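All of the numbers you see were taken from the coordinates with simple rules; none came from a lab. If you're wondering where the values come from, they're calculated on a predicted model, not measured in any experiment. When we count neighbours, we look across all protein chains shown, and the Cβ atoms used for this are built from the backbone with ideal geometry, even at glycine.
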Amino acid sequence: MKIRDLLAAKGDAVEVTALDATIADVVARLTRLGIGALVVTGTSGTVDGIISERDVVRVLAAHGDGALARLVRDEMSSPVTTCSPDDEMTTLMSLMTERRIRHLPVVEAGRLVGLVSIGDVVKSRVDQLERDRRELLEYVSAR
């Protein structure tokens with residue numbers, strides 16, 4: 001399965017934030033939206049970084065009470081590992097496992113076209129296993 005297929009099933013909406021947003025802004029949006037990361041984009045619409053719950057925890061540990069006033073540009077993860085819509089799901093699974101990445105922006109021709117989370121990958125894999133199970137049961141029952 002290609003990442004393009006996964007995006008077609010789940011949608012291509014991506015929540016983004018600006019370089020000059022504060023960590024307080026990020027925390028409020030992550031909480032309100034119930035998500036784990038925001039892609040950081042500059043004025044050109046390119047992927048400049050990603051800010052995740054992990055990054056927020058790291059900033060809080062390092063800066064205490066002052067963490068919420070810090071800017072995303074200073075605390076985001078960058079450079080960002082990205083993937084292409086034409087990448088295979090198995091490649092993405094290996095990449096996310098090896099690099100301990102939970103969110104991967106999907107980029108095509110330099111433009112952000114989606115975001116894949118580890119939850120999306122797991123759901124896709126479970127759905128595929130369920131389809132395989134049903135097909136095997138149908139095959140065995142047809143004998």
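Descriptive notes on the structure:
- Mean separation of Cα contacts under 8 Å, 6 or more apart, over the residue count of the chain: relative contact order %: 26
- GNM remark for the chain: springs join alpha carbons under 10 Å apart, and the peak mean-square fluctuation among 120, 74, 132 falls on 132.
- Computed over segment 83-143, relative contact order equals 24 percent, with contacts defined as Cα pairs under 8 Å that lie 6+ residues apart.
- Isotropic mean projected area of the C-alpha convex hull, segment 1-107 (nm²): 7.0
- Virtual spin-label span in nm between residue 15 and residue 35, 7 Å along Cα→Cβ: 0.6
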